[in-house]
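To start, the structure itself, in structure tokens.
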Amino acid sequence: MRIDIISVVPNLMSSFFEYSICKRAANAGLVEVVLHDLHDFSTKKHKQIDDYPFGGGAGMVIAIEPLTRCLDQLMSERTYEEVIFFSPDGIVLKQGLANQLSLCQNMIFICGHYKGIDERVREKYVTKEISIGDYVLSGGELAAAVTADAIIRLIPGAIGDESSALTDSFQDGLLAPPVYTRPASFDGMDVPEILRSGNDKLIEAWRHEQAVKRTMERRPDLLHD
């Protein structure tokens, strides 16, 4: 998989991909994340990449020329299944969407900034718009990092135990059940006896029961999706 990320501040993201699962996946040749500085595609004297919006109003807008120049160059080099723009009015990122995107070979992420990007880019190039929640960030970089992480960890081989990703919260529409580790007794609190029974069938049933219970208590909306 290859993910090209177009950003006004790519250095903000570089360290994110230098650690943990994303780094291990890259070292294993499972994913390539390439950051592109939009300023490199500006023909203006001071590498300006924003301009005032038509009609007036507060704020600036990422100009159409450098962004389309970058997109056209990338799309001339390979085929992309998705060109994703991170926007408050996009569809909310959920596990099912992450599962779907993890099957792609090539994707472009466009990180918005200021008041957004020229609408004509959204109309011509963008195939999917994604939001990570009902709040506003200073730019799309954090949303891109969150989305990339959610996708990359699903690539076979990215994590040591592939079955682990399949038992995460939301994969079956439920929150994950409680988990425990050694010691079995700590500060007067004990690990449930059933988890020490060695009976895999009973443990599986208990975990499902606890997942349903926790979902009903904390995220009942998931049961009605």
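The values are calculated or read from the model by the stated rules, or taken from the named source; none is laboratory data. All of these numbers come straight from a predicted model, not from anything done at the bench. Quick reminder, even Gly has a Cβ in these numbers, built from the backbone with ideal geometry, and neighbours come from all protein chains shown.
Any idea which of LEU137, LEU175 is modelled with pLDDT under 95 and farther than 17 Å from GLY96 by Cα?
Within the list LEU137, LEU175, the selection yields LEU137.
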Checklist line | Members of the stretch 67-107 found to be charged (D, E, K, R) and over 25 Å from ASP51 (Cα atoms), listed by number | finding: GLU77, ARG78, GLU81, GLU82, LYS94
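Could we say that HIS39 is closer than 20 Å to VAL121 by Cβ and in the same structural domain as THR127 (by TED's automatic domain parsing) here?
Values: closer than 20 Å to VAL121 by Cβ: yes; in the same structural domain as THR127 (by TED's automatic domain parsing): yes.
In short, yes.
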Item checked: Filter result (free of Cβ contacts under 8 Å to residues at least 12 places away in the same chain and not in a loop (DSSP other than H, G, I, E, B)) within the stretch 1-22 -> ASN11, SER15, GLU18, SER20
Note to self: Would you confirm, using the coordinates I've provided, whether TYR19 is aromatic (Phe, Trp, Tyr), assigned by TED's automatic domain parsing to the domain that holds TYR125 and at pLDDT below 95?
What the structure shows: yes
Check: Within the stretch 177-188, can one find any residue that is surrounded by 15 or more Cβ atoms within 10 Å (Cβ to Cβ) and outside the structural domain of GLY59 (by TED's automatic domain parsing)?
Finding: yes
Check: Does the stretch 146-158 include one or more residues that are outside the structural domain of TYR80 (by TED's automatic domain parsing), over 25 Å from the mean Cα position of the chain (by Cα) and among the aliphatic types (A, V, I, L, M)?
Finding: no
Next item on the list: Pairs only if they're at least six apart or on different chains, beta carbon under 8 angstrom, first in the stretch 199-225 and free of Cβ contacts under 8 Å to residues at least 24 places away in the same chain, second part of a helix (DSSP H, G or I) and surrounded by fewer than 12 Cβ atoms within 10 Å (Cβ to Cβ); list them, first residue then second.
Entry: MET216/LEU223
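Would you tally the residues in the stretch 168-225 being of a type outside the set (A, V, I, L, M) and more than 30 Å from VAL92 (Cβ to Cβ)?
From the stretch 168-225, those of a type outside the set (A, V, I, L, M) are 168-173, 177-178, 180-183, 185-188, 190, 192-193, 196-201, 204, 206-210, 213-215, 217-221, 224-225; that's our starting set.
Still in the list and also more than 30 Å from VAL92 (Cβ to Cβ): 180-183, 185-188, 190, 192-193, 196-201, 204, 206.
Matching residues across the stretch 168-225 total 19.
How many residues, within the stretch 196-207, are part of a helix (DSSP H, G or I) and farther than 12 Å from PRO177 by Cα? Quick ask: steps written out before the conclusion?
If we filter the stretch 196-207 for residues that are part of a helix (DSSP H, G or I), which is where we start, we get 196, 200-207.
This time we only want the ones that are farther than 12 Å from PRO177 by Cα, so: 196, 200-202.
Qualifying residue count, the stretch 196-207: 4.
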Next item on the list: Considering each residue of the stretch 105-141, count those that are in contact with a helix residue (DSSP H, G or I) (Cβ under 8 Å, 6 or more places away or on another chain) and in contact (Cβ under 8 Å) with a residue 60 or more places away in the chain, and give that number.
Entry: 7
Checklist line | the stretch 54-65 residues that are under 14 Å from TYR114 (Cα atoms), paired with ones that are part of a helix (DSSP H, G or I) (beta carbon under 8 Å, 6 or more apart) | finding: ILE62/LEU38; ILE64/ARG120; ILE64/VAL121
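Any idea which residue in the stretch 115-143 is nearest to the chain's Cα centre (by Cα), counting only those that are among the basic types (Lys, Arg) and within 20 Å of GLU82 (Cβ to Cβ)? I'd like the intermediate steps shown before the answer.
So in the stretch 115-143, the residues among the basic types (Lys, Arg) come out as 115, 120, 122, 124, 128.
Those left that are additionally within 20 Å of GLU82 (Cβ to Cβ): 120, 122, 124, 128.
Numbers: ARG120: 24, ARG122: 19, LYS124: 23, LYS128: 13 Å.
By that ranking, first place goes to LYS128.
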Notebook entry, point to check: Hey, among GLY112, GLY96, GLY140, which residue is among the small types (Gly, Ala, Ser), over 23 Å from LEU12 (Cα atoms) and in the same structural domain as ARG24 (by TED's automatic domain parsing)?
Noted result: GLY96
